[in-house]
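The values are calculated or read from the model by the stated rules, or taken from the named source; none is laboratory data. Because the structure is predicted, anything quoted here is derived from the model rather than measured. Counting neighbours? That spans all protein chains shown, and the Cβs are built from the backbone with ideal geometry, glycine included. For accessibility, only protein heavy atoms count, side chains too; no ligands or nucleic acids. Shrake-Rupley method; radii C 1.70, N 1.55, O 1.52, S 1.80 Å.
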Amino acid sequence: MENNYLLNTHYQFELPPLPYAYDALEPYIDTLTMQLHHDRHFQTYVDNLNAALKDHPDYQSWSLEKLLRNINWLPEEIRTTVKNNAGGVFNHAFYFSNLAPPGTVLSESLAMAINATFGSYEAFQKEFKTKALSVFGSGYAWLVLDRDRGLRIITTANQDTPLALNLCPIMQIDVWEHAYYLKHYNVRADYIDDWFHIVNLDQASKNYAHCLAEIE
Ligand code: MN
């Protein structure tokens with residue numbers, strides 16, 4: 001599977017490097033937030049996932065994708081911990097690899113699908129922002145492709161993932177406060193507006209093509 005989401009990797013999981021400089025997303029996301037979010041928060045999910053699997057060799061060969069899609073097959077004593085931390089690893093790998101300095105562009109096929117579904121890119125942004133604001137507490141908003149090849153905006157709580165819902169992710173925003181509090185304080189709306197400048201539309205377009213191919 002073409003990705004840098006670690007989906008094909010297994011125990012021991014490793015923190016992937018940030019695919020750009022820590023200050024690359026300034027002024028939309030500040031350097032210190034990127035350092036703490038990637039080097040500490042993301043690292044903690046990696047460490048906790050490895051710790052959960054340390055004494056369970058039967059599951060150490062399971063890829064991240066297999067763990068996320070088969071949570072209910074895991075022994076009860078590690079099920080919740082693996083769900084939260086495998087989810088945290090996937091969601092953060094997705095988040096960081098789907099950001100980029102301004103200048104990325106939508107493919108024609110994704111632009112057309114967004115226009116057909118939401119009316120225009122501006123209308124999509126408005127709906128995405130409303131959904132991202134509606135997340136109560138910690139979680140994510142996503143643009144996903146469903147099994148009928150339809151685009152949908154969904155939200156997930158905590159470290160739940162669209163994979164567990166059999167939905168294929170195209171875009172995602174992390175709306176946990178650790179993603180924005182230092183710069184945007186409690187004003188999630190401003191962070192969402194800034195995120196639209198640095199969401200990686202080249203990568204979203206690749207994700208869309210990949211999601212379409214996966215359904216066929
Ligand atoms: Mn986060």
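When only C-alpha pairs under 8 Å and at least 6 residues apart count, what is the relative contact order of the chain, in percent? Provide the component values of the computation, followed by the final result.
On the way: 317 pairs, mean separation 52.2, N = 216.
That works out to 24 percent.
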Fill in the blank from the handout: Output row, site residue 148, 7 Å Cα→C-beta label point, backbone N cut-off 11 Å, window the stretch 178-211, residues none
Fill in the blank from the handout: Here the stretch 189-196 yields Karplus 3J(HN,Hα) values (6.51, -1.76, 1.60; θ = phi - 60°; whole Hz; Gly and Pro given as x) of 4, 5, 4, 4, 4, 5, 4, 4
Problem - Viscosity 0.890 mPa s, 25 °C: Kirkwood-radius Stokes-Einstein D of the chain over Cα pairs, µm²/s - result: 139
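Around residue 140, under 15 Å between beta carbons, what's the net of Lys plus Arg minus Asp minus Glu among the other residues?
Working: positive: 83, 129, 131, 152, 188; negative: 160, 174, 177.
Residues close to residue 140 contribute a combined charge of +2.
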Completion exercise
A convex hull over the alpha carbons of the stretch 71-126 yields, per residue, a volume in Å³ of 138
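In the chain, what is the count of Lys pairs whose alpha carbons are under 19 Å apart, counting only pairs at least 8 residues apart or on separate chains?
On the way: 54/66; 54/83; 66/83; 129/183.
Number of lysine pairs found: 4.
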Problem - the stretch 31-97 - percent relative contact order, Cα under 8 Å, separation 6 or more - result: 44
Problem - Tail fraction, Cα-Cα pairs, the stretch 108-215, threshold 23 Å, whole percent - result: 25
Fill in the blank from the handout: Each label sits 7 Å from Cα toward the beta-carbon; between residue 41 and residue 81 the label points are separated, in nm, by 2.3
Fill in the blank from the handout: Residues whose modelled amide H sits under 5 Å from the amide H of residue 138, counting only those 5 or more places away in sequence or on another chain, are 158
Exercise for the section: Over the chain, with every protein chain in place, what whole percent of the accessible area is carbon and sulfur at 1.4 Å, could you tell me? Expected result: 50
Exercise for the section: Express the accessible area of the chain per residue in Å², computed with a 1.4 Å probe while the remaining protein chains stay in the model. Expected result: 47
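So between residue 24 and residue 136, what do we pick up on full extension, going 0.36 nm a residue minus the alpha carbon distance? Display every interim value, and only then the final one.
Numbers: separation 112, 0.36 × 112 = 40.32 nm, distance 2.92 nm.
Going from the current span to full extension adds 37.4 nm.
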Fill in the blank from the handout: If one compares the long axis through the Cα atoms of helix 76-97 with the longest principal axis of the Cα atoms of the chain, the angle in degrees, nearest 10, works out at 40
